[in-house]
1. Find the Rg to Rh ratio for the chain, where Rh is the Kirkwood radius over alpha-carbon pairs and Rg uses the same atoms.
2. Checking a compactness column here: for the stretch 286-414, what do you get for Rg(Cα) / (2.2 N^0.38 Å), N being the number of residues?
3. Quantify, in whole percent, the carbon and sulfur part of the accessible surface of the stretch 92-237 (1.4 Å probe; protein heavy atoms only).
4. Going by amide H atoms built from the backbone, whose H comes under 5 Å of the H on Phe283, apart from near neighbours?
5. Calculate the dipole size of the stretch 1-157 relative to its Cα centre from +1 charges on Lys and Arg beta carbons and -1 charges on Asp and Glu beta carbons; express the result in debye to the nearest 20.
6. Using a Gaussian network model on the chain with a 10 Å cutoff between Cα atoms, which of Ala313, Ala332, Ala95 fluctuates the most?
7. Once phi is turned into θ = phi - 60°, what whole-Hz ³J(HN,Hα) does the Karplus curve with 6.51, -1.76 and 1.60 give for every residue of the stretch 301-315, x standing for Gly and Pro?
8. Only bridges with both residues in the chain count here: give the DSSP antiparallel percent, nearest 5.
Amino acid sequence: MAQLSDDCFAFGGALLPLAQAQARIAELYACVTDIEPVPLADAVGRVLAADAIAAIDLPPQTNSAVDGYAVYHADLLPDRPTLLPVHGRTAAGQAPAGPLPRGQASRIFTGAVMPEGPDTVMMQEDCEVTDAGVLVQPGIRRGANRRPAGEDVARGALALPAGRRLMPPDIGLLGALGLGQLEVHAPLKVVVFSTGDELTDPPVPLVPGRVYDANRFMLSALLHRLGARVADGGILPDDAEATRTALIEAADWADLLLTSGGVSTGEEDHVRTAIEAAGSLTFWRVAIKPGRPVALGEVAGIPLLGLPGNPVAALITFTAVGRPLFDRLAGAVYVPPPHFAVASGFAYRKKAGRREYVRVQIGADGIARRYPKDGAGVLTSLTESDALMELPEEMTALAPGEVAPCIPLGLLHG
Ligand code: AMP
Ligand code: MG
């Protein structure tokens with residue numbers, strides 16, 4: 001029996017569960033990029049092409065974590081201060097003068113190499129300097145304030161694996177290991193199109209019936225964050241022939257074609273039909289909300305991902321389907337975004353069989369509140385929310401107080 005519905009799920013045909021869509025991507029696609037060297041200073045956002053192995057210990061030598069006095073723990077009295085004569089002084093960057101004799105303390109500063117012998121460093125705040133030496137307080141743990149060579153990374157160990165998209169702390173680690181030049185994947189070349197006769201770009205004034213394009217700019221921004229080389233494919237009209245021709249032309253340069261809009265079943269939706277006419281379609285409907293119409297296929301041998309037109313749906317499907325595809329092609333290991341368990345401040349009902357992403361604000365009380373305007377076209381629901389609450393396929397009802405996984409929105413953006 002025909003069913004009327006306002007939730008865009010009215011028409012028939014199976015929806016592909018997200019996990020299966022991601023599995024298809026992993027199975028069908030592999031890295032397509034070349035490998036090139038980059039200086040460390042230019043490497044943020046790039047994808048490591050080879051394991052980064054530590055050629056040195058980090059730290060290279062055992063050193064002090066504080067300004068203070070290096071001592072033999074065994075010299076310290078357990079229950080009262082110990083007076084130790086001071087022997088030698090080592091500042092950061094200097095080599096220690098020699099071994100420290102037993103029963104003495106050595107002046108030392110943060111980052112300075114420990115002299116041979118002592119195993120513990122007293123913070124200067126816990127010491128009293130007297131004419132006879134330094135008086136150190138009891139109770140310190142053996143090994144305190146001492147940073148052993150290789151404690152961070154041992155020589156020969158894997159520092160970062162191939163496929164890692166380099167984030168600022170990674171750059172710091174590689175720098176500390178003395179790796180000034182890295183082998184990385186060449187940026188993935190992506191052409192980004194919008195589709196729709198209603199779309200306009202500034203500075204053209206809006207005329208009735210038109211809207212400004214959001215997705216091309218948003219998706220290009222996401223891709224820049226992922227280290228892509230992005231080319232602007234412009235706005236495609238709602239015309240089958242023009243869509244097909246533009247996609248085939250762009251496939252000449254691109255490693256990946258990305259469109260938004262025109263993937264539904266309306267007679268003005270030409271992206272899916274263009275894929276079918278000029279290439280092949282792998283899947284085109286995924287069981288997520290917002291989202292659902294997501295077309296994956298290829299045109300002239302180049303993968304094409306067709307995202308839905310509503311901006312929120314475009315962002316969420318890019319994250320769920322586009323990001324794994326992008327990473328696969330770019331040589332990066334796809335790491336799903338981290339989820340944090342948050343208590344829901346609201347009740348929610350959903351259909352079984354699809355994964356839903358609910359835009360939420362998380363208060364200082366740690367409670368997630370649903371963003372009130374939740375249309376798939378409401379961009380402020382992204383700019384003003386903190387996280388996406390991810391409700392699994394099998395769930396049909398969420399009760400207030402129930403804990404659900406949330407993905408911080410900021411972590412989705414590269
Ligand atoms: P479609 O998927 O083409 O049917 O588009 C669904 C909705 O998203 C329509 O309201 C479109 O106007 C809107 N839309 C499509 N593409 C864009 C875009 N690039 N920027 C902003 N809104 C868009
Ligand atoms: Mg459209």
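The values are calculated or read from the model by the stated rules, or taken from the named source; none is laboratory data. Everything quoted here is computed from the prediction, not taken from an experiment. Please note: Cβ atoms are built from the backbone with ideal geometry, for glycine as well, and neighbour counts cover all protein chains shown. The accessibility values were calculated without ligands, DNA or RNA, using every heavy atom of the protein model including side chains. Shrake-Rupley method; radii C 1.70, N 1.55, O 1.52, S 1.80 Å.
1. We get a ratio of 1.16 for the chain.
2. That works out to 1.09 for the stretch 286-414.
3. 54 percent
4. The answer is Leu296.
5. Around 520 debye, computed over the stretch 1-157.
6. Fluctuation is largest for Ala95.
7. So the Karplus estimates, Gly and Pro as x, are x, 10, x, 10, 10, x, 8, x, x, 4, x, 5, 5, 5, 5 Hz.
8. On the way: 54 of 80 bridges.
Given both bridge residues lie in the chain, the antiparallel proportion sits at roughly 70 percent.
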